[in-house]
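Some notes on the structure that comes next.
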Amino acid sequence: GGVLLDRNPFKGFKAPREKNPRRPELTEEEYEALRAVIPKMDWRFGVAMILAHETGHRIGAIRKLRWSDISYDEDGGWITWRAENDKLRKAHRTPLTEAAEEALKVARAKKPGVGEAYILPSVRDDSRPVGKYFMRDLWHRAETEAGVKRVKGRGWHACRRKFASELMGE
């Protein structure tokens with residue numbers, strides 16, 4: 001009936017994480033349902049949704065895009081992703097798809113800007129990018145509007161997972 005060990009041999013070790021944590025992915029049907037409610041939402045939602053779907057980038061990097069990050073050459077349009085806005089701190093370029101170009105046209109019409117102006121500026125201060133909590137709230141509101149069931153762990157990153165799965169042909 002006494003104590004078996006005088007100390008905890010596991011003290012100081014981190015508990016193992018779940019081997020396969022939930023990583024919900026956005027289905028094509030859910031994506032289309034969310035796209036259908038874009039006209040009812042703040043314009044920033046639609047632009048961000050299309051860019052997330054078309055580029056596979058994180059919402060943090062999309063929020064911080066500036067007009068100077070968009071360029072065109074003889075090969076077409078490009079988005080330059082700055083290292084300081086990338087989770088892995090790696091600068092790189094991705095081609096602009098037709099859908100992404102259309103989304104950027106919407107952004108330019110709603111909030112014209114050049115150079116270092118943010119493509120998705122804050123609601124209150126154009127000199128700052130749109131807030132992460134504002135974008136999170138837009139996502140939740142869009143799910144409700146679209147009748148898409150809320151799933152724990154699914155948010156903007158689900159677009160990235162969808163993009164990766166499509167890229168791998170799954």
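All of (1) touching a residue at least 12 places away in the same chain (Cβ under 8 Å); (2) open to solvent by 80 Å² or more (accessible area, probe 1.4 Å) hold for Glu166 with one exception: (1). Every listed requirement among (1) touching a Pro at 6+ places or on another chain (Cβ under 8 Å); (2) among the aromatic types (Phe, Trp, Tyr); (3) open to solvent by less than 10 Å² (accessible area, probe 1.4 Å) is met by Trp139 save one, (1).
For Thr27, the conditions (1) over 27 Å from Gly169 (Cβ atoms); (2) open to solvent by 20 Å² or more (accessible area, probe 1.4 Å) all hold with the exception of (1). Selection of segment 146-156 for residues being of a type outside the set (Gly, Ala, Ser) and surrounded by 17 or more Cβ atoms within 10 Å (Cβ to Cβ) yields Val148, Arg154, Trp156.
Scanning segment 114-136 for residues that are open to solvent by 80 Å² or more (accessible area, probe 1.4 Å) and either touching a strand residue (DSSP E or B) at 6+ places or on another chain (Cβ under 6 Å) or outside any loop (DSSP other than H, G, I, E, B) (or both) yields a count of 4.
The set of residues in segment 38-56 being closer than 15 Å to Arg161 by Cβ and not β-branched (Val, Ile, Thr) consists of Met49, Ala52, His53, Glu54, Gly56. Pro95 meets all of the listed conditions (1) closer than 18 Å to Trp67 by Cβ; (2) over 18 Å from the mean Cα position of the chain (by Cα); (3) not hydroxyl-bearing (Ser, Thr, Tyr) but one, namely (2).
Scanning segment 118-170 for residues that are in contact with a Phe, Trp or Tyr (Cβ under 8 Å, 6 or more places away or on another chain), within 14 Å of Ile50 (Cα to Cα) and of a type in the set (D, E, K, R) yields a total of 1. Screening Glu101 against (1) over 15 Å from the mean Cα position of the chain (by Cα); (2) farther than 25 Å from Ala33 by Cβ leaves a single unmet condition, (2). For segment 52-69, the set of residues classified as closer than 25 Å to Glu28 by Cβ, assigned to a helix (DSSP H, G or I) and open to solvent by 20 Å² or more (accessible area, probe 1.4 Å) consists of His53, Glu54, Ile59, Gly60, Arg63, listed by residue number.
If you go through segment 137-149 and keep only what is within 17 Å of the chain's Cα centre (by Cα) and either in a loop (DSSP other than H, G, I, E, B) or hydrophobic (A, V, I, L, M, F, W, C) (or both), you end up with Leu138, Trp139, Ala142. Here Lys90 clears all of (1) closer than 21 Å to Gly155 by Cβ; (2) basic (Lys, Arg); (3) at pLDDT below 95 except the condition numbered (1). Against the test of being aliphatic (A, V, I, L, M), modelled with pLDDT of 95 or more and in a helix (DSSP H, G or I), the options Ala164, Ala158, Ala107 yield a single qualifying residue, Ala107. State all residues of segment 75-94 that are open to solvent by 60 Å² or more (accessible area, probe 1.4 Å) and in a loop (DSSP other than H, G, I, E, B); if no residue qualifies, say none. Selection gives Asp75, Lys87, Leu88, Arg89, Lys90, Ala91.
The values are calculated or read from the model by the stated rules, or taken from the named source; none is laboratory data. Treat the numbers as computed from the prediction; the structure is a model and nothing was measured. Every residue, glycine among them, receives a Cβ derived from its backbone with ideal geometry; neighbour counts consider all protein chains shown. The area values use the complete protein model at the heavy-atom level, side chains included, leaving out ligands, DNA and RNA. Shrake-Rupley method; radii C 1.70, N 1.55, O 1.52, S 1.80 Å.
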